[in-house]
Amino acid sequence: MQLPDWAVQYWVVWAFGLLTACLAALWRYALAQHKRQKALETGVQALLRDRIIQSCDYYQKKQSISVHGRENIQSMYAAYHALGGNGAVTALVKDVNELPTHF
């Protein structure tokens, strides 16, 4: 049995409408995930920046740095830089790297 032309026409309209609705929902979901990911990256970058600055201040006051402290600062700085961190922290890290090492 063959479907009438009007039924075929409405099925096509319905199918395209459903496809459009699914694509719109997927697009909204992707945008929300992108916004959430960007917020997480910005938050982690801010936390790393704060922790690097605190560590640099601490070791500059001591006028020396431990091996573990240097490794921690380098690790945090690498992640901070990968997240798009700026040059202000770079200068601090460079200054701390010039401090003598204590054990």
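Derivation of every value follows stated rules applied to the coordinates shown; laboratory data play no part. Please read all numbers here as calculations on a predicted model, not as lab measurements. So basically every Cβ, Gly included, is an ideal-geometry build from the backbone, and we count neighbours across all protein chains shown.
Of all residues in region 54-84, count the ones that are outside any helix (DSSP H, G or I), closer than 21 Å to Thr42 by Cβ and touching a helix residue (DSSP H, G or I) at 6+ places or on another chain (Cβ under 6 Å). Break it down stepwise before answering.
Step one: list which residues in region 54-84 are outside any helix (DSSP H, G or I), which gives 63-66, 83-84.
Next, from what is left, pick out any that are closer than 21 Å to Thr42 by Cβ: 83-84.
Filter once more, keeping what is touching a helix residue (DSSP H, G or I) at 6+ places or on another chain (Cβ under 6 Å): 83.
The qualifying residues number 1.
Is it true that some residue in region 21-33 is within 18 Å of Thr101 (Cα to Cα) and either free of Cβ contacts under 8 Å to residues at least 40 places away in the same chain or not basic (Lys, Arg) (or both)?
The initial filter retains those residues of region 21-33 that are within 18 Å of Thr101 (Cα to Cα), namely none.
Within region 21-33, none of the residues are within 18 Å of Thr101 (Cα to Cα) and either free of Cβ contacts under 8 Å to residues at least 40 places away in the same chain or not basic (Lys, Arg) (or both).
If you go through region 85-103 one residue at a time, how many are part of a loop (DSSP other than H, G, I, E, B) and either in contact with a Cys (Cβ under 7 Å, 6 or more places away or on another chain) or in contact (Cβ under 8 Å) with a residue 40 or more places away in the chain (or both)?
If we filter region 85-103 for residues that are part of a loop (DSSP other than H, G, I, E, B), which is where we start, we get 85-86, 98-100, 103.
From what is left, the residues that are either in contact with a Cys (Cβ under 7 Å, 6 or more places away or on another chain) or in contact (Cβ under 8 Å) with a residue 40 or more places away in the chain (or both) are 85, 99.
Counting residues in region 85-103 that are part of a loop (DSSP other than H, G, I, E, B) and either in contact with a Cys (Cβ under 7 Å, 6 or more places away or on another chain) or in contact (Cβ under 8 Å) with a residue 40 or more places away in the chain (or both) gives 2.
If we keep just the residues of region 38-68 that are closer than 19 Å to Asn86 by Cβ and among the small types (Gly, Ala, Ser), which is surrounded by the most Cβ atoms within 10 Å (Cβ to Cβ)?
Ser55
Taking Gln9, is it farther than 30 Å from Phe103 by Cβ, surrounded by fewer than 10 Cβ atoms within 10 Å (Cβ to Cβ) and of a type in the set (S, T, N, Q)?
Working: farther than 30 Å from Phe103 by Cβ: yes; surrounded by fewer than 10 Cβ atoms within 10 Å (Cβ to Cβ): no; of a type in the set (S, T, N, Q): yes.
No, not satisfied.
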